[in-house]
Amino acid sequence: MQQRKQFIIFTDLDGTLLDHDNYSFNDAANILARLLLDNIPIVLVSSKTQSEIEKISKQLRFHHASVAENGAIIKIGKHPIFRGLKSNSPYCFGSHIDSILTIIEKMPYAMKKEVTLLKDMSPKMATEITGLDHESLKVCLERAYSVPFIVSDTDILKLKKFCEESGIGITRGGRFYHFLSSNIDKGHSTRWLMEKTRLAWPDKSFISIGLGDSYNDIPMLKEVDQAVVIKNKHHKELRISLQEKKVVESNSKGPMGWAECINKIVYSE
């Protein structure tokens, strides 16, 4: 007897499931409702904090599982597919933010003055970059494992070299670069969750789908069976980074592109 396909969806938020500018998921609402009706698990994978993801989950009206701070925190919600994994407290990986900030403080002055941490920005500057109001910014700063920042493109190569020599990692999202532990990324958390899920359900045939639009999504997209690149100004570069993978590219941006590709993969094949 042929096994029925069991899809698991791993999705980035900003610029993917959520509109980059207004954070709306309205254009994906109908397909989301269908996925929930079909009991297909959706894992929210983001550089956002756990508190931010919990707020978004309430708006979405589901929380199956989530990955916060670029892979450092995995929180299991309510979905039977994740049986055997604890849901009362998160799984945490990597170095605490205090260790990362200590290394940043040791950065050469000429380099440090070109780096602006989100936590050090004026409210006006932070709001202009993120589009978040004051209360949402406070939640965005409730970080335990990562440090968002901006830096000029001309200084990024030197900064990457410093991070490599200092034992911390650096990645780039839709709005910010992020300092974090060197061994943590969205791919690590995707792989970890899939390994645990396959162990719990040895008789099921899983197909993992990953959707993203930024550089920090590449490790996640490399781990899944079906990678989806959501259209934006970086999508061609993402496609080049994933040339060994089977990739679906959206024609539309944000949640409209998300709905387009999920419909094609899950409901049209």
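The values are calculated or read from the model by the stated rules, or taken from the named source; none is laboratory data. Since we're looking at a predicted model, the values are computed, not measured. All Cβ positions, glycine included, derive from the backbone under ideal geometry; neighbour counts span all protein chains shown.
Some notes on this structure:
- Applying a threshold of 9 Å to beta carbon distances and a minimum spacing of six or more residues, or different chains, the list of pairs starting in the range 21-46 at a residue that is on the phi > 0 side of the Ramachandran plot and ending at one that is in a loop (DSSP other than H, G, I, E, B) reads Y23/L13; Y23/G131; Y23/L132; N39/H79.
Each row is one residue, and each column tells you yes or no for (1) surrounded by fewer than 22 Cβ atoms within 10 Å (Cβ to Cβ); (2) under 24 Å from G169 (Cα atoms); (3) of a type in the set (G, A, S).
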residue	(1), (2), (3)
D203	yes, no, no
G212	no, yes, yes
S241	yes, yes, yes
M256	yes, no, no
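- Among (1) within 14 Å of the chain's Cα centre (by Cα); (2) under 23 Å from E223 (Cα atoms); (3) modelled with pLDDT under 95, the one test that L18 misses: (3)
- Qualifying residue in the range 127-144 (condition: within 21 Å of M107 (Cα to Cα) and in contact with a His (Cβ under 7 Å, 6 or more places away or on another chain)): yes
- Among the residues of the range 22-43, those identified as under 18 Å from N251 (Cα atoms) and under 19 Å from the mean Cα position of the chain (by Cα) are F25, A28.
- Search result, residues across the range 196-215 that are in a helix (DSSP H, G or I) and in contact with a Phe, Trp or Tyr (Cβ under 9 Å, 6 or more places away or on another chain): K196, T197, R198, A200
- Test: residue in the range 96-112 that is in contact with a Lys or Arg (Cβ under 7 Å, 6 or more places away or on another chain), of a type outside the set (F, W, Y) and assigned to a helix (DSSP H, G or I): yes
- Residue in the range 143-166 that is touching a Gly at 6+ places or on another chain (Cβ under 7 Å) and not assigned by TED's automatic domain parsing to the domain that holds S24 present: yes
- On the stretch given as the range 113-128, residues that are among the small types (G, A, S) and either assigned to a strand (DSSP E or B) or within 14 Å of F176 (Cβ to Cβ) (or both) total 1.
- Output for the range 1-45, where each listed residue is closer than 26 Å to I73 by Cα, charged (D, E, K, R) and outside any loop (DSSP other than H, G, I, E, B): D14
- In the range 92-112, the residues that are closer than 12 Å to F179 by Cα reach residues that are of a type in the set (V, I, T) and part of a strand (DSSP E or B) with C-beta atoms within less than 8 angstrom, at least six apart or across chains, in these pairs: S95/I168; I97/V147; I100/V147; I100/I168; L101/V147; I103/I168; I104/V147.
- Among the residues of the range 129-169, those that are surrounded by 11 or more Cβ atoms within 10 Å (Cβ to Cβ), among the charged types (D, E, K, R) and in a helix (DSSP H, G or I) comprise K138, D155, K158, K160, K161, E164.
- Pick from the range 181-195, criterion outside any loop (DSSP other than H, G, I, E, B), buried (at least 16 other Cβ atoms within 10 Å of the Cβ) and not polar (S, T, N, Q), ranking: nearest to the chain's Cα centre (by Cα): K186
- Qualifying residue in the range 181-193 (condition: more than 18 Å from S66 (Cβ to Cβ), in contact (Cβ under 8 Å) with a residue 24 or more places away in the chain and among the hydrophobic types (A, V, I, L, M, F, W, C)): no
- Per-region count, the range 65-92, residues outside any helix (DSSP H, G or I) and touching a helix residue (DSSP H, G or I) at 6+ places or on another chain (Cβ under 7 Å): 12
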